[in-house]
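Participant: Just dropping this structure here.
None of the figures in this text is laboratory data; all of them are computed from the coordinates on show. Predicted model only: the values in this text are computed from it and were never measured.
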Amino acid sequence: MKEVDFRERIERVVEELRPKLEELADGYVELVDADPSTGEVTLRLIGGRLC
């Protein structure tokens, strides 16, 4: 899978999950990186916290 395709897929999923993530975290969720070679996804949480 190409890196762009992988990142686009992750962006779509994050958009779907964003309302719930932001409700749970009481902040804003942003996609930082998506590495197709490892499958690792990094999100940034701004103004909130996950406990």
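Participant: Note the full-extension length gain between Ser37 and Leu17 as 0.36 nm times their separation in residues minus their Cα-Cα distance, in nm to one decimal.
Facilitator: Working: separation 20, 0.36 × 20 = 7.20 nm, distance 2.28 nm.
So the extension gain works out to 4.9 nm.
Participant: With only alpha-carbon atoms counted, please give the Rg and Dmax of the chain, in Å.
Facilitator: Radius of gyration, then largest Cα-Cα span, for the chain: 11.6, 34 Å.
Participant: State, as an integer percentage, the relative contact order of the chain based on alpha-carbon contacts under 8 Å between residues 6 or more apart.
Facilitator: 35 percent.
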